[in-house]
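A.B. asks: Please see the structure below; I have some questions.
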Amino acid sequence: MTIICATRFSEESSFAARVAADLARKQKQTLWLVHVLPGRVMRSWSDRLEAAASSSLEAEATALRQQGLDVQTAVLTGKLDDAISRFCAEKSASLLVVGDTTRAVGVLGANTLDKLAYSVEAPLLVVRDPRPFHAWVDGKAPLKVMLALDQTSSAAIARDWIIRLAKFGALDLVAAHVWWPIEEYERRGLPVPALEEGHKALSAVMAAEAAQALKGLPANVKVRTHLEMGVANIADHLLALANQEQVDVVVLGTHRRRALGRLWSVSHQVLALAPMAVACIPSTVAVPDLSTVPEFRSALAATNFTEAGNRAITMGLGLVGAGTLHVVHVAQGPLTVETETALLKKLTVVLPPEAERKARVLVHVVHGEVAKELVATADRLGAQVVCLGLKAGALLKSTVASEVLARAGRPVMFAAPVKA
């Protein structure tokens, strides 16, 4: 693995190089110090600039090699973000480290960081104070980290990257999720409760989801969660909490937006305004070797009493092992006591003969719009995964399957169709 530090020979770049050296030494990785020269320069000036840059890089590399590090240097030419992106890809970089103290949105430094965060397919660490990193790598203090958590795949990848970060030393992690009630109710297909009822039920569900998402982190990661209802933009909430918690680095996944997309990009605002270090993890980062294997202890299997629906029950049993399986049927039309009793009995009849010897099986009958009720029931019961059955070729045609996938906020498994 390789760590790359891009330098412009400033004090901030010197801070970044020292942090990159600490990390490379800890994991015995190769460190590349690189500097980018503009592509359109007169040949006579270009040679002089390249010679001066090479000399400066080599002087810094020589000092670091005395610490037992494998340090290489390179002078690149062209647009800064393009040149560094190509170099990182060529060297299979595990991390790009840069130094910056920019504070205002829209200034040159912030735009440069935006371009790097968008272009480079490696995690980007922006260093603003090297001292916490030195103490962390030396084992003198844990690194205080805030992870921006939500329901997106980019946040999940950033969460997995925490496992990689923990290999350098102990972490004190607070996972922050800023959410808007209306947005969450709409995504889950749930009715908005009366004002006096508040959002306690939904908050409890989201807290459980956050705790589940953080399971399996290394033993040297001390984890806390912080859920907060939004009243302003997400970046403002995250930065306020980061300052309150006095964290050393904010870690967030990035969607790598261009141009006008940055106006509502959380990473754009955090990169520019955060007084502490920021780590941007692009959604293209592959960390399958670090992702924890989920253990499903509770599942919801939905059946409409068809062959395809009943196969979801079998899949659910296989997933939960000795855990809890909730078998659910969503009734259409009025649900009387007699109808509910008959449907509950029918659910017990379709259970596999060995079902209750393998898991704790509970049957439920609910009433309403199918997708909405399945998501609401999964939330209420705390199911970690939803199992559905589909006929062959029906996935793209099934409105229920599509809506559950969009709203569930948890894995959705489909039982394989049986060929005729």
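A.B. asks: Which of the lysines could a cross-linker span from Lys222 if the Cα-Cα distance has to be under 17 Å and same-chain partners fewer than 8 positions apart are dropped?
C.D. replies: Partners found: Lys140, Lys144, Lys167.
A.B. asks: Quick one: if the Förster radius is 51 Å, what FRET efficiency do Ser56 and Val223 give, using the C-beta to C-beta distance and rounding to 0.05?
C.D. replies: So the FRET efficiency works out to roughly 0.75.
A.B. asks: Report which label in (1) 4, 19, 27, 23, 16, 9, 2, 0, 0; (2) 4, 14, 15, 16, 16, 13, 8, 6, 4, 2, 1, 1, 0, 0, 0; (3) 4, 19, 25, 20, 15, 10, 5, 1, 0, 0 holds the value of P(r) over Cα pairs in 10 Å bins from 0, in percent derived from the coordinates of this structure.
C.D. replies: Only one option fits the structure, namely (3).
A.B. asks: Restricting to the chain, what percent of DSSP beta bridges are antiparallel, rounded to 5? Don't skip to the end; give the middle numbers.
C.D. replies: Numbers: 3 of 67 bridges.
Approximately 5 percent, going by the DSSP bridge assignments.
A.B. asks: Moving to a separate point now. Would you calculate the separation in nanometres between label points at Gln67 and His134, each defined as 7 Å from the Cα along the Cα-to-beta-carbon direction?
C.D. replies: Going by the 7 Å Cα→Cβ label model, 0.9 nm.
A.B. asks: So how strong a dipole does the chain carry about its Cα centre when Lys and Arg Cβ are +1 and Asp and Glu Cβ are -1, to the nearest 20 debye? Please list the in-between numbers first.
C.D. replies: Working: 45 positive and 40 negative charges, 159 e Å.
Roughly 760 debye for the chain.
A.B. asks: Let me ask something else about it. Under a cut-off of 18 Å between alpha-carbon atoms, report the lysines in cross-link reach of Lys200, not counting same-chain residues fewer than 8 places apart.
C.D. replies: Straight-line reach from Lys200, under 18 Å: no lysines qualify.
A.B. asks: What does the helix-only formula give at 222 nm for the chain: each DSSP H stretch with n ≥ 4 adding -39500 (n - 2.57), the total divided by the residues, and the result rounded to the nearest 500 deg cm²/dmol?
C.D. replies: On the way: 15 runs with 178 residues, N = 420.
Mean residue ellipticity, 222 nm, calculated: -13000 deg cm²/dmol.
A.B. asks: Mind pulling the angle between the C-alpha long axis of helix 337-350 and the longest principal axis of the chain? Nearest 10 degrees, somewhere in 0 to 90.
C.D. replies: Here the helix axis deviates by roughly 70 degrees.
A.B. asks: Given points 7 Å out from each Cα along the Cα-Cβ axis, report the Gln332 to Thr77 separation in nanometres with one decimal.
C.D. replies: Here the modelled spin labels are 7.0 nm apart.
A.B. asks: Related question: Under the 0.36 nm per residue contour assumption, what length would be gained going from the current alpha-carbon distance of Val192 and Ser402 to full extension?
C.D. replies: Numbers: separation 210, 0.36 × 210 = 75.60 nm, distance 2.19 nm.
Stretched fully, the Val192-Ser402 segment lengthens by 73.4 nm.
A.B. asks: Given R₀ = 30 Å, what would the calculated FRET efficiency be for Ala232 paired with Glu121, taking r from the Cβ atoms and rounding to 0.05? Walk me through the intermediate numbers first.
C.D. replies: Values: r = 31 Å, r/R0 = 1.05.
Step by step, r from the Cβ atoms, then E = 0.45.
A.B. asks: Please check which bits of the range 312-339 a label hung off His367 would reach, taking the label as a point 7 Å along Cα-to-C-beta and the cut-off as backbone N under 17 Å.
C.D. replies: Counting only backbone N, you get 329-339.
A.B. asks: Still on this structure, I have one more. When ranked by the protection proxy of mean other Cβ atoms within 10 Å per residue, highest first, what sequence do the peptides 79-91, 296-308, 339-351, 53-65 form?
C.D. replies: Per-residue mean Cβ counts within 10 Å order the peptides as 296-308, 79-91, 53-65, 339-351.
A.B. asks: I'd like the orientation of helix 11-27 relative to the chain: the angle between its Cα long axis and the longest Cα principal axis, in ° from 0 to 90, rounded to 10.
C.D. replies: Approximately 60 degrees, to the nearest 10.
Values quoted throughout were computed directly from the atomic coordinates according to the rules given, and no laboratory measurement underlies them. Worth saying up front: this structure is predicted, and the values here are computed from it rather than measured. Please note: Cβ atoms are built from the backbone with ideal geometry, for glycine as well, and neighbour counts cover all protein chains shown.
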